[in-house]
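The values are calculated or read from the model by the stated rules, or taken from the named source; none is laboratory data. Note that the coordinates shown come from a computational prediction; the quantities given were computed from them, not determined experimentally. Every residue, glycine as well, gets a Cβ built from its backbone with ideal geometry; the counts of neighbours run over all protein chains shown.
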Amino acid sequence: MPDKDSDRRERNIMEASSEAEFETKAQAFSAQLVSILNDGILGLMISLGHKLGLFDTLSGLPWSTSEQIARIAGLNERYVREWLGGMTVGRIVEYNPEDRTFRLPPEHAASLTQSAGVDNLAMFFQYIHLMGSVEDQVAEAFRNGGGVPYAAFPHFQRLQAEETARIFDHSLVDRIIPLIPGLRETLERGAEVLDIGSGTGRAMTVLARAFPNSRFRGIDLSEEGVATGREEASRLELTNVQFDQADAADLTDQGRYDLITAFDSIHDMARPTQALQAIHRALKDGGVFLMQDIDASSNLEENLDHPMAPTLFGFSTFHCMTVSLAQDGEALGTVWGRQLARAKLSEAGFREVDIKTLPDDILNCFYISRKR
């Protein structure tokens, strides 16, 4: 007969082991939540430092007191001192308790200052406040459907302009355009170019200056973005670029353009399928469509190791998906990855799609399609 005492002991051991495993996992997850909370608050502090130019101030200083830093930055010392405390415990700024001085290590400045160019990650932290500002409206959409319109994001165009400027100014002409063999020569000779979702127009003004023989047009739904693009073109005295308020899905041009670009805009649209079809029609035979978009997978499980996966899903929930739903759109969101992008491009008529990346860009990839 089975030993009842032995069975009971074995059962107790298994239960104790299960309880210990549960406790270990529970404590680990609790620690993870504390880390997330600390990092979230620290992100807001980084955003604040970026807006106020504190990282740029610190990067040009030796070990300095909060009084010295505040004076040079032109800010209130008490606020600067508290911010420096947060940066210190967050392991971003170094602190010497003997003389109460602070220093931004050069290896940290390489990711936090304006001089870092495309490597400046501090500007991205401003999106935390932007998303937080619409949290109540997004929550309401969770309950009742619909979405949050573009108009609810008053600073979005400014943030997008700052984000894209660092890419376009440093990479568009010398790194992105060369991804397409022969494109530089085409632009130098003179080409018709259209940018979809042009925002404040930075891409088109950069290209218009670099290739004066070509003609450039940017379209966007945002009246604010179009106005900014026109003002910048006027300031730069560019006569080969124009900006129009228009929906890409309603584009009626036929066989007009040598090159059409869409930088991080297709997945936000209410009607991306129609927009891609209109783009295909608007291209000349042999014309090129260059689409920059998120480098992710359409399959959730394949994004688990993506270094910015939580950020991508957060951006989608608080902006990309909801602005599309506000227009009764397709709401591609983060489902818009390589697989779906290829399928949508093929559906629009682009049978051959080449995907390229830049080695230092972990966020984007470039879909290159030619109209055959």
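Details
- From the options Asp253, Asp264, residue that is of a type in the set (Asp, Glu), surrounded by fewer than 18 Cβ atoms within 10 Å (Cβ to Cβ) and within 28 Å of Arg189 (Cα to Cα): Asp253
Here's the yes/no breakdown for (1) under 18 Å from the mean Cα position of the chain (by Cα); (2) farther than 20 Å from Thr317 by Cα; (3) of a type outside the set (Gly, Ala, Ser); (4) surrounded by fewer than 15 Cβ atoms within 10 Å (Cβ to Cβ):
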| position | (1), (2), (3), (4) |
| --- | --- |
| Leu121 | yes, yes, yes, yes |
| Val138 | no, no, yes, no |
| Pro149 | no, no, yes, yes |
| Ala165 | yes, yes, no, no |
| Asp174 | no, yes, yes, yes |
| Gly199 | yes, yes, no, no |
| Val206 | no, yes, yes, no |
| Ser214 | no, yes, no, no |
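- Positions within region 303-323 being over 24 Å from Ala270 (Cα atoms) and free of Cβ contacts under 8 Å to residues at least 24 places away in the same chain, in sequence order: Leu304, Asp305, His306
- Among the residues of region 78-103, those that are part of a helix (DSSP H, G or I) and closer than 14 Å to Gln68 by Cβ comprise Val80, Arg81, Leu84.
Condition check ((1) buried (at least 22 other Cβ atoms within 10 Å of the Cβ); (2) in contact with a Phe, Trp or Tyr (Cβ under 9 Å, 6 or more places away or on another chain)) across all residues:
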site: Ser297; (1), (2): no, no
site: Thr311; (1), (2): no, yes
site: Phe315; (1), (2): no, yes
site: Val323; (1), (2): yes, yes
site: Asp328; (1), (2): no, no
site: Leu332; (1), (2): yes, no
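- The residues of region 133-162 that are among the charged types (D, E, K, R) and farther than 20 Å from Leu44 by Cα, listed by number, are Glu140, Arg143.
- Count - residues of region 269-287 that are touching a Ser or Thr at 6+ places or on another chain (Cβ under 7 Å) and surrounded by 22 or more Cβ atoms within 10 Å (Cβ to Cβ): 1
- Among the residues of region 343-360, those identified as touching a residue at least 24 places away in the same chain (Cβ under 8 Å) and part of a loop (DSSP other than H, G, I, E, B) are Gly349, Phe350, Thr357, Leu358, Asp360.
- Among the residues of region 111-132, those that are small (Gly, Ala, Ser) and either within 16 Å of Met45 (Cβ to Cβ) or modelled with pLDDT of 95 or more (or both) comprise Ser111, Ala122, Gly132.
- Residue-level analysis places Glu94 outside the set of residues that are surrounded by fewer than 13 Cβ atoms within 10 Å (Cβ to Cβ) and either modelled with pLDDT of 95 or more or closer than 18 Å to Pro106 by Cβ (or both).
- Residue satisfying all of: in region 42-67; within 20 Å of the chain's Cα centre (by Cα) and free of Cβ contacts under 8 Å to residues at least 60 places away in the same chain; surrounded by the most Cβ atoms within 10 Å (Cβ to Cβ) among these: Met45
- Of the strands (runs of 3 or more DSSP E) lying entirely inside region 239-301, not one is found with 3 or more residues being under 22 Å from the mean Cα position of the chain (by Cα), charged (D, E, K, R) and at pLDDT 95 or above.
- Filter result (part of a helix (DSSP H, G or I) and either touching a residue at least 60 places away in the same chain (Cβ under 8 Å) or at positive phi (or both)) within region 169-183: Ser171, Arg175, Ile176, Leu179, Leu183
- As a summary of the residue check, Gly117 satisfies the conditions (1) on the phi > 0 side of the Ramachandran plot; (2) more than 33 Å from the chain's Cα centre (by Cα) except for the one numbered (2).
- Test: Thr186 is of a type in the set (S, T, N, Q), assigned to a helix (DSSP H, G or I) and surrounded by 21 or more Cβ atoms within 10 Å (Cβ to Cβ): no
- Residue that is more than 23 Å from Asn364 (Cα to Cα), part of a helix (DSSP H, G or I) and touching a residue at least 24 places away in the same chain (Cβ under 8 Å), where the choices are Thr205, Thr228, Thr164: Thr228
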